[in-house]
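J.: Structure below; questions to follow.
Here, each number is a calculation from the coordinates, and none is a lab measurement. All values derive from a computational prediction rather than experimental measurement. Every residue, glycine as well, gets a Cβ built from its backbone with ideal geometry; the counts of neighbours run over all protein chains shown.
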Amino acid sequence: MENKTDQWHTLHAETAAIEWKDLERFFARGNLLHVSSDLDLIDAAVEIANDNKPAIEQWVAEGHLSGVSNEEALLWSKGGSNLWSVIVLPWVLVQQRK
């Protein structure tokens, strides 16, 4: 089993810029999570991979982690979004980059 530092580096290497059209099917299945820009995408991925419920519940309560809303999906589908993603099955985590 990898330690968190190794997991972080592995997940970091698996991040990628992504177009909304490549995320639509995950959104439709309810497997797309939005990570706010206040939270590091890879840190969130590591904690989700380790099923760290206290951290995840805190992020959800603080609005840092949520399912992608219909409004976000509509906005991103119109293009011009700069999305970054990482996969932690069954989830795809996505973050709007500035």
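J.: What is the one condition in (1) out of contact with any His (no Cβ under 6 Å at 6 or more places or on another chain); (2) crowded, with 17+ Cβ neighbours inside 10 Å that V68 does not satisfy?
T.: Going through the list (1) out of contact with any His (no Cβ under 6 Å at 6 or more places or on another chain); (2) crowded, with 17+ Cβ neighbours inside 10 Å, V68 breaks only (1).
J.: Okay, moving on. Can you name every residue in segment 27-37 that is at negative phi and without any contact (Cβ under 8 Å) to a residue 40 or more places away in the chain?
T.: Hits for segment 27-37 are A28, R29.
J.: Hey, can you tell me all the residues within segment 36-65 that are of a type in the set (S, T, N, Q) and more than 15 Å from S85 (Cβ to Cβ)?
T.: N50, N52, Q58
J.: Testing E24 on (1) in contact (Cβ under 8 Å) with a residue 12 or more places away in the chain; (2) within 23 Å of E2 (Cα to Cα), one condition comes back false. Which one is that?
T.: Only one criterion is unmet by E24, namely (2).
J.: Then there's this: Among the residues of segment 77-98, write down those that are of a type outside the set (A, V, I, L, M) and closer than 14 Å to R25 by Cβ.
T.: Once the filter is applied, which keeps residues that are of a type outside the set (A, V, I, L, M) and closer than 14 Å to R25 by Cβ, segment 77-98 yields S77, S85, P90, W91.
J.: Here's a follow-up. For segment 71-82, check the following and say yes or no: at least one residue is surrounded by 13 or more Cβ atoms within 10 Å (Cβ to Cβ), without any contact (Cβ under 8 Å) to a residue 40 or more places away in the chain, of a type in the set (A, V, I, L, M, F, W, C) and closer than 15 Å to R97 by Cβ.
T.: Scanning segment 71-82 turns up at least one residue that is surrounded by 13 or more Cβ atoms within 10 Å (Cβ to Cβ), without any contact (Cβ under 8 Å) to a residue 40 or more places away in the chain, of a type in the set (A, V, I, L, M, F, W, C) and closer than 15 Å to R97 by Cβ.
J.: Look through segment 2-11, keep the residues that are without any contact (Cβ under 8 Å) to a residue 40 or more places away in the chain and part of a helix (DSSP H, G or I), and return whichever of them is surrounded by the most Cβ atoms within 10 Å (Cβ to Cβ).
T.: W8
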